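**Q** Shown below is the structure under consideration.
FYI, it's all coordinate maths here, none of it is from the lab. What you are looking at is a predicted structure, and each value in this text was computed from that prediction instead of being measured. For neighbour counting, all protein chains shown are included, and Cβ atoms are generated from backbone atoms with ideal geometry for every residue, glycine included.
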Amino acid sequence: MNDLKDKVEITALEAWVDREQTTDDDLSPFKAQALSAMLRRPDYYPLAPTAGDILHPAWQWLYFLDTPSASSTGTDGHPKTGNFLPPVPLPRRMWAAGDFEIRHPIFLGTPATKRSAIASVELKEGSTGPLVFVTVKHTIEQSGVVCIDETQRIVYREKPPGPSPLPPGKELMSSYDWSVEIQPDPVMLFRFSALTYNSHRIHYDRQYAVEEECYPGLVVHGPLQVTILNNCIRQFCDGAAVTEFSFRAQRPLFDMDPFTVCLKRSGNQISAWTRSHEGFVGMSAAAVIEYG
């Protein structure tokens, strides 16, 4: 643990716990319209979404965005830390896991407020070196009502010195009730990056992703996988509403190969996951649904 303390001053980072941030958004329908078009699946939104329509689960990530200036953006495209997020001195950052509960529908075209707070900062030892986990709690309110409670868990780690094997793959889960194959491509990844103001270069700059981050190709966003999983649940369950959703990133997926969305239902509980072309789980998730 002494080696970890030499690399990461965890006490200083823990001082960021309880730091808060508030963001307002008018929830313009345009971004929902653009995402619907990008996914090329009009069955999710038979008509282009308009003001007054309910925002689908995970689509809240289109809104309440940080918009750092060029000088506040790192060479990897990520916003520099030390503003709201603590200044963790480890260069590779990813959204490791999260969950949200939808307590009340959110309506497009009606202003809303997102309140965020740093809940915890933890230092752990990983197989490749130190890991720092930052947990952020969010609530989204609209018209004085709390609509979504959300937890985001971000992990920071060292960047590998060169090409290295991917994390050990978790084999395909047990049988599933429904599946669909998705073929990602650079245009899809670029558009999702643009819609979420995510300038992390691993999602659209192939040269950077391969030569600097040592990935084999462009990385499919974790939030994009979660968005697709939620949309597939809506289709598989004939329009049922997702009220609770949790997810965990298991292994990266890349743009060169298709991946499969798999769903398994037990009552109002849904197990969901993405599966690489090699048969490994990329993102695992669990959902609770209800019919209105």
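**Q** Can you flag which of Lys159/Lys264; Lys124/Lys170; Lys124/Lys159; Lys31/Lys159; Lys114/Lys159; Lys80/Lys137 are past 24 Å Cα-Cα? Don't skip to the answer; put the middle values down first.
**A** Details: Lys159/Lys264 36 Å; Lys124/Lys170 22 Å; Lys124/Lys159 16 Å; Lys31/Lys159 33 Å; Lys114/Lys159 32 Å; Lys80/Lys137 20 Å.
Table pairs above 24 Å Cα-Cα are Lys159/Lys264; Lys31/Lys159; Lys114/Lys159.
**Q** Additional query: Arranged by the count of other C-beta atoms within 10 angstrom, fewest first, what order do Leu90, Leu166 take?
**A** Fewest-to-most Cβ neighbours within 10 Å comes out as Leu166, Leu90.
**Q** Let me ask something else. Among 25-38, 152-165, how do they line up by average Cβ neighbours within 10 Å per residue, starting with the highest? Write down the numbers at each step before the final one.
**A** Details: 25-38: 17.8, 152-165: 14.1.
Ranking the peptides 25-38, 152-165 by packing returns 25-38, 152-165.
**Q** Multiply the residue gap between Glu101 and Glu211 by 0.36 nm, knock off their C-alpha separation, and tell me the result in nm, one decimal place.
**A** On the way: separation 110, 0.36 × 110 = 39.60 nm, distance 3.87 nm.
Length difference between fully extended and current span is 35.7 nm.
**Q** 222 nm [θ] for the chain, helices only, -39500 (n - 2.57) per DSSP H run of 4+, per residue, to 500? Write out the running numbers ahead of the final one.
**A** Working: 6 runs with 53 residues, N = 292.
It lands at -5000 deg cm²/dmol.
**Q** If packing is taken as the average count of other Cβ atoms within 10 Å, what order do 256-267, 53-64, 196-207 fall into, highest mean first? Intermediate results must be reported in sequence, preceding the final value.
**A** Values: 256-267: 16.5, 53-64: 21.0, 196-207: 19.2.
My ranking of the peptides, most packed first, is 53-64, 196-207, 256-267.
**Q** Further question on the same structure: Projected onto the charge dipole of the chain (+1 at Lys/Arg Cβ, -1 at Asp/Glu Cβ, origin at the Cα centre), which of Ile118, Cys147, Ser71 gives the Cα projection farthest towards the positive end?
**A** So the residue furthest toward the plus end is Ser71.
**Q** Further question: From the C-alpha gyration tensor of segment 139-292, pull out the three semi-axes of the equivalent ellipsoid (sqrt of 5λ each), sorted largest to smallest, in whole Å. List each step's numbers first, then the result.
**A** Numbers: eigenvalues 156, 79, 41 Å².
Over the Cα atoms of segment 139-292, the ellipsoid semi-axes are 28, 20, 14 Å.
**Q** Take the alpha carbon atoms of segment 50-129, find their center, do the same for segment 237-278, and report the distance between the two centers in whole angstrom.
**A** 21
**Q** Going 7 Å from the Cα of Met256 in the Cα-to-Cβ direction, what parts of segment 179-194 have a backbone nitrogen less than 20 Å from that spot?
**A** 182-190
**Q** Then there is this: Cα atoms only: what Rg and Dmax, in Å, come out for segment 2-290?
**A** 18.8, 58
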